[in-house]
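Working notes, beginning with the structure itself.
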Ligand SMILES: NC(=O)C1=CN([C@@H]2O[C@H](COP(=O)(O)OP(=O)(O)OC[C@H]3O[C@@H](n4cnc5c(N)ncnc54)[C@H](O)[C@@H]3O)[C@@H](O)[C@H]2O)C=CC1
Ligand SMILES: O=C(O)C1=N[C@H](C(=O)O)C[C@H](O)C1
């Protein structure tokens with residue numbers, strides 16, 4: 001029986017990495033749930049807090065695990081919240097050591113998505129642009145609304161607005177792109193993805209999805225899907241109050257990959273949060 005999950009956090013000194021460290025250390029454990037033990041807190045070798053205690057960096061008191069650039073000799077699962085340029089090294093390390101991986105980093109290139117698909121042939125990997133339960137539920141609802149409205153008399157215009165903190169490096173958000181992918185699939189046929197509008201754009205066409213990225217203050221993430229018809233509209237809004245919805249979702253994904261405490265880990269495959277949350281449509 002595997003009652004402890006040895007967790008390595010990649011990007012541990014970042015905004016999200018710190019919350020993963022804090023929640024993993026503090027989690028309230030149901031009697032039959034495995035506990036997390038943070039065996040590595042990995043970040044860039046030039047990070048100014050390198051060598052400090054990861055718990056102190058996360059603001060929760062000492063954990064006796066130092067922030068390091070070195071991969072552990074042993075871990076049951078890795079959670080990655082880093083940067084696209086850091087992800088390849090993380091995937092390579094997981095492949096080398098055979099460690100299941102949760103990938104939460106966004107802004108990946110097509111080559112990186114292919115690398116994940118390839119890695120998923122030999123490792124169990126959960127990859128999702130949002131680990132939040134509310135966001136994943138909203139994705140399912142957005143697809144249902146699209147299906148219900150796509151042939152409505154007068155038509156429906158679907159636009160995706162996302163708001164994030166001023167420090168965010170990628171736009172639009174990975175979550176907005178995933179909403180767009182699911183909505184386009186529910187619309188059917190050819191769909192144009194239009195990022196912002198400026199100048200003499202002409203009238204809006206019927207087969208486009210618009211994306212608008214707002215960067216303001218410390219917003220931890222908000223998405224609004226507007227379904228505009230002639231005479232009425234629906235706005236589906238999902239907003240985080242803080243980052244813990246993503247951190248706890250990533251921990252749930254890590255626990256799901258490791259399997260229940262009888263030690264049955266997931267087989268190799270590229271999974272997503274719908275799989276983790278039991279909302280997969282396959
Ligand atoms: N899937 C999800 O639910 C969520 C995904 N994200 C994504 O997670 C990523 C991180 O977000 P934040 O924590 O806000 O960013 P951040 O910039 O605060 O943290 C990134 C961390 O990665 C570290 N890093 C950079 N290069 C590295 C390397 N070579 N090796 C190891 N660590 C390295 C940085 O030093 C930093 O500590 C972003 O792509 C963001 O979009 C953020 C929130 C939720
Ligand atoms: O950078 C962030 O903060 C977030 N990024 C993710 C994304 O790009 O979708 C998820 C969440 O919205 C927060």
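Of the candidates 93, 117, 176, the single residue that is in contact (Cβ under 8 Å) with a residue 12 or more places away in the chain, assigned to a helix (DSSP H, G or I), assigned by TED's automatic domain parsing to the domain that holds residue 16 and within 13 Å of ligand 1 (Cβ to nearest atom) is 93. Considering segment 194-225, the residues that are in contact with a helix residue (DSSP H, G or I) (Cβ under 9 Å, 6 or more places away or on another chain) and part of a loop (DSSP other than H, G, I, E, B) include one that is nearest to residue 163 (Cα to Cα), namely 221. The residue that is farthest from ligand 2 (Cβ to nearest atom), among those in segment 31-41 that are touching a strand residue (DSSP E or B) at 6+ places or on another chain (Cβ under 7 Å) and in contact (Cβ under 8 Å) with a residue 40 or more places away in the chain, is 34. Any residue at all in segment 204-219 that is within 18 Å of the chain's Cα centre (by Cα), at pLDDT 95 or above, within 14 Å of ligand 1 (Cβ to nearest atom) and surrounded by 21 or more Cβ atoms within 10 Å (Cβ to Cβ)? No: segment 204-219 contains no residue that is within 18 Å of the chain's Cα centre (by Cα), at pLDDT 95 or above, within 14 Å of ligand 1 (Cβ to nearest atom) and surrounded by 21 or more Cβ atoms within 10 Å (Cβ to Cβ). For residue 58, the conditions (1) surrounded by fewer than 22 Cβ atoms within 10 Å (Cβ to Cβ); (2) more than 8 Å from ligand 1 (Cβ to nearest atom); (3) more than 14 Å from residue 8 (Cα to Cα) all hold with the exception of (1).
Among the residues of segment 135-161, the ones that are within 15 Å of the chain's Cα centre (by Cα) and buried (at least 19 other Cβ atoms within 10 Å of the Cβ) come to 4 in all. The residue that is surrounded by the fewest Cβ atoms within 10 Å (Cβ to Cβ), counting only those in segment 64-77 that are farther than 19 Å from residue 47 by Cα and in contact with a strand residue (DSSP E or B) (Cβ under 8 Å, 6 or more places away or on another chain), is 74. Only one of 4, 66 is more than 9 Å from ligand 1 (Cβ to nearest atom) and within 20 Å of residue 248 (Cβ to Cβ). Can you tell me which? From the options 4, 66, the qualifying one is 4.
Taking the condition within 16 Å of ligand 2 (Cβ to nearest atom), touching a residue at least 24 places away in the same chain (Cβ under 8 Å) and under 16 Å from residue 18 (Cβ atoms), does residue 105 pass?
Working: within 16 Å of ligand 2 (Cβ to nearest atom): yes; touching a residue at least 24 places away in the same chain (Cβ under 8 Å): yes; under 16 Å from residue 18 (Cβ atoms): yes.
In short, yes.
The residues listed here are 104, 40, 26; of these, the one that is at pLDDT 95 or above and either over 18 Å from residue 253 (Cα atoms) or out of contact with any helix residue (DSSP H, G or I) (no Cβ under 7 Å at 6 or more places or on another chain) (or both) is 40.
The values are calculated or read from the model by the stated rules, or taken from the named source; none is laboratory data. All figures in this text were calculated on a predicted structure; none of them were measured in a lab. Here Cβ is always computed from backbone atoms with ideal geometry, including for glycine, and neighbour counts include all displayed protein chains.
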